[in-house]
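Asks: Below you'll find the structure I mean.
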Amino acid sequence: MAQPLPPLEQAPPPSVPVIDMPADWRDYFALTKPRVMSLVIFTGLCGLLAAPVSINPVLGFTAILCIAIAAGGAAALNQWWEADIDGGMKRTAGRPIPAGRMPAANARDFGIALSFTAVILMGLAIGWLTAVILAVSILYYAVVYTIWLKPRTPQNIVIGGGAGAFPPMIGWVAATGHITLMPVILFAIIFFWTPPHFWALALFVQTDYAKVGIPMLPVVAGEAVTRRQIVVYAVLLFPLSLLPWAIGATGLVYGVGAAVLSAIFLGFALRVGFRHRSGADDAMKPEKQLFGFSILYLFALFGILVADRWIGIA
Amino acid sequence: MTNPSDSDQARNRIIRQKNIVFAVVLALWVVLIFAVSIAKMS
């Protein structure tokens, strides 16, 4: 027998996807933003390995696992809060919630569960100072960045960048048990690296951000200001990346490597900073190159940091 | 048009896969807690 149609007022609004299948485990995995997580794991691991004391391998693995779980939890909370925004952008419309494969409440509960698990395990296995920093990093990303700053200010990326800057600091503190100048410098390196990295992306996907009303700098202040700001942060990053060597915390391998990498990064940033879009069909190649190299830069810089420490031991 | 039995099969497959993943994660969790306990004692 045919089912009667529901009354019009009971029908869901067209923007709410009808979910007739349970979410796949792959959808839950996708909520954790695995590609972002890989960078978080890498920088956290580098902070742990570059610390001047060694840690039991099982505890070291647990610390990195906690950082990864926390990053996954924060990413799930971010996708829960931004489901409407994600649905309006081509790059993110295929995510589980906007694509209609999962109810938003599931993502929220999953994010909360992961976050609590990570913090409690970190506290019990490693130490409560590390657990507190981990909890602060989750709140910083999920509340300060996602809920508060991102929809309100074009400086969202600058302050929100602090969320991504926590992993190496957490890795270092997990190994040593206390905060010193070096983990703060590692934090600052990622903090100053984030604006040029994200603004390069925002320059070539800015139409998407404008469509959903996110006040990214290129949308609010224009391309010229964004390009100038990219150069400013790249210039500041250059001496900052050399600071670990300058204070004697690393050797010459890191010093030379950081100088070369930061010079190349600055070169890419200057190319972006002193050009103008040639027209609507501009391929934005320098901006895409800066974005691509910025990821390589961070992997290479932290890789050299660890290499320098282990060469020093050998 | 999707056959209702196909839809049920797909639903059951998704639930079964999710249960397997959950069981594996729980087993690894137990191993991890065991390993951490030993590491903390040593």
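Asks: To the nearest 20 debye, what charge dipole does chain A have about its Cα centre, counting +1 at the Cβ of each Lys and Arg and -1 at the Cβ of each Asp and Glu?
Replies: 600
Asks: Work out, step by step, the length gained on full extension between residue A:147 and residue A:20: first 0.36 nm times the residue separation, then minus their alpha carbon distance; give nm to one decimal.
Replies: 42.8 nm
Asks: Can you give the charge dipole size of the stretch A:188-314 about its Cα centre, rounded to the nearest 20 debye, using +1 on the beta carbon of Lys and Arg and -1 on the beta carbon of Asp and Glu?
Replies: Rounded to the nearest 20 debye, it is 120 debye.
Asks: Roughly how tilted is helix B:4-41, in degrees to the nearest 10 and between 0 and 90, from the longest Cα axis of chain B?
Replies: So the helix axis and the longest Cα principal axis differ by about 0 degrees.
Asks: Against the longest alpha carbon principal axis of chain A, how many degrees, from 0 to 90 and to the nearest 10, is the axis of helix A:181-204 turned?
Replies: With both axes taken from Cα atoms, the answer is about 50 degrees.
Asks: In the stretch A:188-314, what percent of the accessible surface is made up of carbon and sulfur (1.4 Å probe, ligands and nucleic acids excluded)?
Replies: Result for the stretch A:188-314: 71 percent of the exposed heavy-atom area is carbon or sulfur.
Asks: Would you tell me the accessible area of residue A:278, worked out with a 1.4 angstrom probe on the heavy atoms of the protein chains, in Å² to the nearest 10?
Replies: Taking all protein chains as shown, residue A:278 has close to 100 Å².
Asks: Using a 1.4 Å probe, what is the accessible area per residue for the protein assembly as shown, in Å²?
Replies: 50
Asks: Any chance you could look up the accessible area of residue B:6 with a 1.4 Å probe, heavy atoms only, rounded to 10 Å²?
Replies: 80
Asks: Let me ask another. Probe 1.4 Å, all protein chains in place: accessible area of residue A:122 in Å², nearest 10?
Replies: Around 0 Å² of this residue is reachable by solvent.
Asks: Let me ask something else. Let me check something: with ligands and nucleic acids excluded, how do A:37, A:102, A:21 order by accessible area (1.4 Å probe), largest to smallest?
Replies: Result, largest first: A:21, A:37, A:102.
Asks: A further question follows. Which residues does a label at residue A:289 reach in the stretch A:227-241, if reach means a backbone N under 18 Å from a point 7 Å past the Cα toward the Cβ?
Replies: The answer is A:227-228, A:230-231, A:234-235, whose backbone nitrogens lie closer than 18 Å to the label point.
Asks: Still on this structure, I have one more. Take the cross-link list A:33/A:285; B:18/B:40; A:150/A:211; A:150/A:285; A:90/B:18 and give me the ones stretching past 23 Å between alpha-carbons.
Replies: A:33/A:285; B:18/B:40; A:150/A:285; A:90/B:18
Asks: Please sort by residue number the trypsin sites (Lys or Arg not before Pro) in the stretch A:139-239 whose DSSP state is loop and whose Cβ has at most 11 other Cβ atoms within 10 Å.
Replies: A:152
Asks: Per residue of the stretch A:211-228, in order, report the coupling 6.51 cos²θ - 1.76 cosθ + 1.60 (Karplus, θ = phi - 60°) as ³J(HN,Hα) in whole Hz, putting x for Gly and Pro.
Replies: Karplus-based 3J(HN,Hα) across the stretch A:211-228 equals 4, 9, x, 7, x, 5, 3, x, 6, 7, 9, x, 5, 4, 5, 4, 5, 5 Hz.
The values are calculated or read from the model by the stated rules, or taken from the named source; none is laboratory data. From a predicted model like this one, the values you see are computed outputs, not experimental measurements. Cβ atoms come from the backbone with ideal geometry, glycine included; neighbour counts cover every protein chain shown. Calculation scope for accessible area: heavy atoms of the full protein, side chains included, ligands and nucleic acids excluded. Shrake-Rupley method; radii C 1.70, N 1.55, O 1.52, S 1.80 Å.
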